[in-house]
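Visitor: Before I ask anything, let me first share the structure, which is written out below as structure tokens.
Nothing in this text is a laboratory measurement; each read-out follows from the coordinates by a stated rule. Everything numeric here is computed off the predicted structure, so don't read it as measured data. Counting neighbours? That spans all protein chains shown, and the Cβs are built from the backbone with ideal geometry, glycine included.
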Amino acid sequence: MTIKVGDKLPSGTLTRMTKDGPAPVTTDEIFKGKRVALFAVPGAFTPTCSAAHVPGFLKNAKAFKAKDVDAIVCLSVNDPFVMGAWAKDQNVGDKIMMLADGSGDYTRQLGLELDLRKAGLGVRSRRYSMLVEDRVVKRLNLDEGGAIEKSKAEVLLGQI
């Protein structure tokens, strides 16, 4: 079952790279009582994700803040070391919280997994963006295949 607008995000734990190494972070810590722009990508360091998806949210970080968005979160089915290295590579600083869903458990809870085993990439996340207010999905933009049309930063920003 795929999460939809109006649904409450399930509880879960993701991982964030800190200066002291990987650290767990709960979905309550991220979303409870907050307005969050969440976007997910099939993989860190992949061409579209690195050239368009993250840069779009990074470029529009101030505009999201101006619309009372408390945080921008990027989620990927990668390990926290990869997400930490990608955060440095993309120079996100504190503008985007880069979160790892190492085994894809949270992505499966959302019903947003993408089976790329035939391409040798395992099970990843679909590309999407959503606006979450106090753990409730207010907007959800799902892309199909390798497209990045519906989930880009500018689309979500225009919906707020």
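Visitor: Of D7, D94, D143, D101, how do they rank once you tally other Cβ atoms within 10 Å and put the fewest first?
Guide: With the fewest neighbours first, D7, D94, D143, D101 line up as D94, D7, D143, D101.
Visitor: Counting only other residues whose beta carbon sits under 13 Å from that of P55, what net charge do I get with K and R as +1, D and E as -1? Each step should come with its number before you reach the end.
Guide: Numbers: positive: K59, K95, K152; negative: D89, E154.
Local charge sum for P55: +1.
Visitor: At T26 and K138, where each label point lies 7 Å from the Cα along Cα→Cβ, what is the point-to-point distance in nanometres?
Guide: Each label point lies 7 Å from its Cα, and together they span 2.4 nm.
Visitor: Continuing with this model, one more query. Return the label of the correct value of Rg and Dmax of the Cα atoms in Å, as calculated from the structure shown, out of [x] 18.2, 68; [y] 15.1, 48; [z] 14.1, 42.
Guide: It is the value labelled [z].
Visitor: While we're looking at this one, here's another question. So for the chain, averaging the separation of alpha carbon pairs under 8 Å that are six or more residues apart and normalising by length, what relative contact order in percent results? Show your work: numbers first, answer last.
Guide: Working: 329 pairs, mean separation 49.6, N = 160.
RCO, the chain: 31 percent.
Visitor: As I understand it, the dipole of the chain uses +1 on the Cβ of Lys and Arg and -1 on the Cβ of Asp and Glu, about the Cα centre. Which of C74, I160, L38 lies farthest toward its positive end?
Guide: Farthest towards the positive pole: I160.
Visitor: Would you calculate a helix-derived [θ] at 222 nm for the chain, using -39,500 (n - 2.57) for each DSSP H run of n ≥ 4 and dividing by the full residue count, to the nearest 500?
Guide: Theoretical 222 nm ellipticity from helices: -6500 deg cm²/dmol.
Visitor: Size of the dipole of segment 13-159 about the Cα centre, Lys and Arg at +1 and Asp and Glu at -1 on the beta carbon, nothing else charged, in debye to 20?
Guide: So the dipole magnitude of segment 13-159 works out to roughly 300 debye.
Visitor: Okay, next question. Just name one of L99, G145, Q109: the one whose Cα is farthest towards the positive end of the charge dipole of the chain (beta-carbon charges, Lys/Arg +1, Asp/Glu -1).
Guide: It is G145, whose Cα lies furthest towards the positive end.
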